[in-house]
1. Quick check on my filter: what residues within the range 42-62 are buried (at least 16 other Cβ atoms within 10 Å of the Cβ) and either among the acidic types (Asp, Glu) or over 15 Å from Lys72 (Cβ atoms) (or both)?
2. What about Ala45, is it at pLDDT below 90, of a type in the set (A, V, I, L, M) and either in contact with a strand residue (DSSP E or B) (Cβ under 7 Å, 6 or more places away or on another chain) or not in a strand (DSSP E or B) (or both)?
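The values are calculated or read from the model by the stated rules, or taken from the named source; none is laboratory data. In this text the structure is predicted, and so the values were computed from the model without any measurement. Ideal geometry is used to build each Cβ from the backbone, glycine not excepted, and the neighbour counts take in all protein chains shown.
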Amino acid sequence: MQDCRREGFIFKSEGPNCPAPGATSVAGDGSSTSYVRVNTAVQIADRIKAKTGLQPQPHQHVDDFLEEAAKKIRDSGQFR
């Protein structure tokens, strides 16, 4: 398992290689990591960054950023 980086976020890859943007798997590595999920998480995070101005911390995992953003938005009263 290794850390991969995409658009300022990190995520874990179970395969020997980091996937290319938009990839659904890494050919031949037998990895069960859902790159579709990672791509979707990065797209959601990018939309949150654009709409709220929130920025991830250096080396922050995309899932941690999404959780932190959800809490901040909820607690600020901007949740609609």
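1. Answer for the range 42-62, where residues must be buried (at least 16 other Cβ atoms within 10 Å of the Cβ) and either among the acidic types (Asp, Glu) or over 15 Å from Lys72 (Cβ atoms) (or both): Val42, His61, Val62.
2. no
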